[in-house]
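The values are calculated or read from the model by the stated rules, or taken from the named source; none is laboratory data. Keep in mind the model is a prediction, meaning the values are calculated, not measured. Methodologically, a virtual Cβ is constructed for each residue, glycine included, from the backbone with ideal geometry; neighbour enumeration extends over all protein chains shown. Quick note on the areas: whole protein, heavy atoms, side chains included, nothing else; ligands and nucleic acids left out. Shrake-Rupley method; radii C 1.70, N 1.55, O 1.52, S 1.80 Å.
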Amino acid sequence: MLDGKHTGTGGGNHFVLGAAVPDDSPFLRRPDLLRSMVGYWLNHPSLSYAFSTMFIGPTSQAPRVDETRQDNLYELEIAFELIPNPGEEPVAPWIVDRIFRHLLVDVSGNTHRAEFCIDKLYSPDSSTGRLGLLELRGFEMPPHARMSLTQQLLVRALIAWFWKKPYVETPVHWGTRLHDQFMLPYFAAEDFHRILRDLNGAGYPFHADWFAPHFEFRYPVFGVVNYQGIKIELRQATEPWYVLGEEGAPGGTARYVDSSVERVQIKVEGLTGNRYAIACNRRRVPLQATGKHGEWVAGVRFRAWQPPSCLHPTIPVHTPLVFDVVDLVEGRSVGGCTYHVGHPGGRNFETFPVNASEAEARRSARFFAFGHTPGTMAIPQVEHNPEFPLTLDLRRPPPTIADGSL
């Protein structure tokens, strides 16, 4: 992109699975295979977010089943019970379509805009819909063919595993944890490592190093600083984009997408005891322990730019983001860093980077390993957000003692 951010093409790497003829399709011969895949994807959100496009969320091109209707998981569990297990009496191929057709859809009921698209599985509506094909729409074209082959190997191994041993675990009702945790690269990587452990345990040898390029491409590091033995790493996270309401446009109506809100992950190492805290724009970051001594992680959600049409248009831009290591005893910042979403000098790039090196240079120019808050500063209060405990949402005002939020 113009600012040096790496992105995919936005599409072009959807996986279509099936057979040459419908009778040979594994999803019609064994409907429990589709049940296993949907259930496993629900319980492992990294499969939905680590390889997807920038446009994710309930109104995206490939929303998860649990991102659409609030009661969708409950209805899906009923549908799972209607699928026969291996060895039981098979069902007619059109029954598989009827069971899942109204669940594998987006919020408007579009059967094509879904993570698991069964438009061409066995729809009775037309001959072109009865091909026995399943389309996985949550995969974006990566920058190299070998990365695509690695993704295909992952999907093929999962299918082979589910064919031998169906996945029967109950879907996890993530609720707000889905976007609170798995928008952050740390939790996406932890979940993905659990997937690799499952595959290795099933006899399919996979190595995490094979997917390191995918995660560095999806979640690049903005910068790293170290103060008082406390290491701060700032990394790109993901953020759902929402389709807005209809607005008048020349020749008809238009529905814009709000891409003005972004999210970053902050990971802290070496933070022990109660003397220091991390603040962003003078507000305390809700760090959560990872289980490793002195290691913490959290997300910061902020408005990066202000388009004419967006959610909450009166909320201003929050950048640059100033991160501080706050000494709670002395009441001052002992160091920090600054992150800009655009060129810090106000330069407006007119051409795209010619190669990856120039793109990296543009990204590096937006991160300063200095710029902390000078002098004494007010001790940032602890903020509790029960809906999103891992995320500091700068769009919401800080709590005050008067409203009883502290």
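Within the stretch 317-332, does at least one residue satisfy the condition of being farther than 22 Å from LEU287 by Cβ and either open to solvent by 50 Å² or more (accessible area, probe 1.4 Å) or under 27 Å from the mean Cα position of the chain (by Cα) (or both)? Let's see the steps before the verdict.
Restricting attention to the stretch 317-332, the residues satisfying the condition of being farther than 22 Å from LEU287 by Cβ are 317.
Pick out the ones that are also either open to solvent by 50 Å² or more (accessible area, probe 1.4 Å) or under 27 Å from the mean Cα position of the chain (by Cα) (or both) and you get 317.
For the stretch 317-332, residues farther than 22 Å from LEU287 by Cβ and either open to solvent by 50 Å² or more (accessible area, probe 1.4 Å) or under 27 Å from the mean Cα position of the chain (by Cα) (or both): present.
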Exercise. When you look at MET141, is it within 30 Å of GLN236 (Cβ to Cβ), hydrophobic (A, V, I, L, M, F, W, C), buried (at least 19 other Cβ atoms within 10 Å of the Cβ) and under 22 Å from the mean Cα position of the chain (by Cα), yes or no?
Worked result: no
Exercise. Can you tell me which residues in the stretch 95-145 are within 12 Å of PHE27 (Cα to Cα), in contact with a strand residue (DSSP E or B) (Cβ under 6 Å, 6 or more places away or on another chain) and charged (D, E, K, R)?
Worked result: GLU135
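Residues in the stretch 147-168: is at least one part of a loop (DSSP other than H, G, I, E, B) and either in contact with a Cys (Cβ under 7 Å, 6 or more places away or on another chain) or open to solvent by less than 10 Å² (accessible area, probe 1.4 Å) (or both)?
Here is the first cut: in the stretch 147-168, the ones part of a loop (DSSP other than H, G, I, E, B) are 165-168.
Then drop every residue that is not either in contact with a Cys (Cβ under 7 Å, 6 or more places away or on another chain) or open to solvent by less than 10 Å² (accessible area, probe 1.4 Å) (or both), which leaves none.
Checking the stretch 147-168: not a single residue is part of a loop (DSSP other than H, G, I, E, B) and either in contact with a Cys (Cβ under 7 Å, 6 or more places away or on another chain) or open to solvent by less than 10 Å² (accessible area, probe 1.4 Å) (or both).
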Exercise. Can you tell me how many residues in the stretch 174-223 are in contact (Cβ under 8 Å) with a residue 60 or more places away in the chain and assigned to a loop (DSSP other than H, G, I, E, B)?
Worked result: 6
Exercise. Which residues, counting only those in the stretch 280-290, are open to solvent by less than 50 Å² (accessible area, probe 1.4 Å) and either over 21 Å from GLY223 (Cα atoms) or assigned to a strand (DSSP E or B) (or both)?
Worked result: CYS280, ARG283
Problem set entry | Verdict on PRO171 being in contact (Cβ under 8 Å) with a residue 40 or more places away in the chain, touching a helix residue (DSSP H, G or I) at 6+ places or on another chain (Cβ under 9 Å), more than 16 Å from ARG218 (Cα to Cα) and open to solvent by less than 30 Å² (accessible area, probe 1.4 Å) | yes
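Across the stretch 291-316, which residue is most open to solvent (accessible area, probe 1.4 Å) among those that are touching a residue at least 40 places away in the same chain (Cβ under 8 Å) and among the polar types (S, T, N, Q)? Even if it seems obvious, please write down each step before you answer.
The initial filter retains those residues of the stretch 291-316 that are touching a residue at least 40 places away in the same chain (Cβ under 8 Å), namely 297-307, 309-312, 315.
From the residues that got through so far, the ones that are among the polar types (S, T, N, Q) too are 306, 309.
Numbers: GLN306: 86, SER309: 26 Å².
Among residues in the stretch 291-316 that are touching a residue at least 40 places away in the same chain (Cβ under 8 Å) and among the polar types (S, T, N, Q), the one most open to solvent (accessible area, probe 1.4 Å) is GLN306.
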Exercise. Hey, HIS6 hits all of (1) of a type outside the set (Lys, Arg); (2) free of Cβ contacts under 8 Å to residues at least 60 places away in the same chain; (3) surrounded by fewer than 22 Cβ atoms within 10 Å (Cβ to Cβ) but one; which does it fall short on?
Worked result: (2)
Problem set entry | Failed criterion for HIS340 (all others in (1) surrounded by fewer than 18 Cβ atoms within 10 Å (Cβ to Cβ); (2) of a type outside the set (S, T, N, Q); (3) at pLDDT 90 or above hold) | (1)
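Is at least one residue of the stretch 188-199 of a type in the set (Val, Ile, Thr) and over 19 Å from VAL261 (Cα atoms)?
If we filter the stretch 188-199 for residues that are of a type in the set (Val, Ile, Thr), which is where we start, we get 195.
Still in the running and over 19 Å from VAL261 (Cα atoms): 195.
Yes, because at least one residue in the stretch 188-199 is of a type in the set (Val, Ile, Thr) and over 19 Å from VAL261 (Cα atoms).
Determine whether the stretch 315-324 contains at least one residue that is in a loop (DSSP other than H, G, I, E, B), over 28 Å from VAL268 (Cα atoms) and of a type outside the set (Phe, Trp, Tyr).
Pass one, the stretch 315-324, residues in a loop (DSSP other than H, G, I, E, B): 315-320.
Keeping just the survivors that are over 28 Å from VAL268 (Cα atoms) gives 315.
Those left that are additionally of a type outside the set (Phe, Trp, Tyr): 315.
Yes: the stretch 315-324 contains one or more residues that are in a loop (DSSP other than H, G, I, E, B), over 28 Å from VAL268 (Cα atoms) and of a type outside the set (Phe, Trp, Tyr).
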For this session: Name the single residue, out of those in the stretch 187-240 being among the basic types (Lys, Arg) and open to solvent by 40 Å² or more (accessible area, probe 1.4 Å), that is farthest from THR150 (Cα to Cα).
Result: LYS231
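Can you name every residue in the stretch 349-368 that is open to solvent by less than 50 Å² (accessible area, probe 1.4 Å), at pLDDT 90 or above and either among the polar types (S, T, N, Q) or within 13 Å of THR338 (Cβ to Cβ) (or both)? If you could, list the steps in order and put the result at the bottom.
First pass over the stretch 349-368, keeping only residues open to solvent by less than 50 Å² (accessible area, probe 1.4 Å): 349, 353, 359, 362-363, 365-367.
Within this subset, residues satisfying the condition of being at pLDDT 90 or above are 353, 366-367.
ARG366, PHE367, listed by residue number.
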For this session: Output the qualifying pairs, or none if there are none: Cβ atoms under 9 angstrom, residues six or more apart or on different chains, first residue in the stretch 102-128 and at negative phi and free of Cβ contacts under 8 Å to residues at least 40 places away in the same chain, second residue open to solvent by 10 Å² or more (accessible area, probe 1.4 Å) and among the aromatic types (Phe, Trp, Tyr).
Result: SER123/TRP94; PRO124/TRP94
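Residue by residue, here is whether (1) at pLDDT 90 or above; (2) within 29 Å of the chain's Cα centre (by Cα) holds:
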residue: LEU82; (1), (2): yes, no
residue: VAL91; (1), (2): no, no
residue: VAL107; (1), (2): no, yes
residue: GLU115; (1), (2): yes, yes
residue: THR128; (1), (2): no, no
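Condition check ((1) within 15 Å of ARG29 (Cα to Cα); (2) in contact with a Gly (Cβ under 7 Å, 6 or more places away or on another chain)) across all residues:
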position	(1), (2)
SER48	no, yes
GLY57	no, no
GLN61	no, no
GLN70	no, no
GLU81	no, no
ASN85	yes, no
PRO93	yes, no
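Residues of the stretch 243-271 being in contact (Cβ under 8 Å) with a residue 24 or more places away in the chain, part of a strand (DSSP E or B), under 16 Å from PRO307 (Cα atoms) and not hydrophobic (A, V, I, L, M, F, W, C), which ones?
We begin by selecting, within the stretch 243-271, every residue in contact (Cβ under 8 Å) with a residue 24 or more places away in the chain; these are 243-244, 247, 256-271.
Imposing the further condition that a residue be part of a strand (DSSP E or B) reduces the set to 243-244, 247, 256-258, 261-269.
Next cut, under 16 Å from PRO307 (Cα atoms) only: 243-244, 247, 256-258, 261-262.
Result: GLU247, TYR256, ASP258, GLU262.
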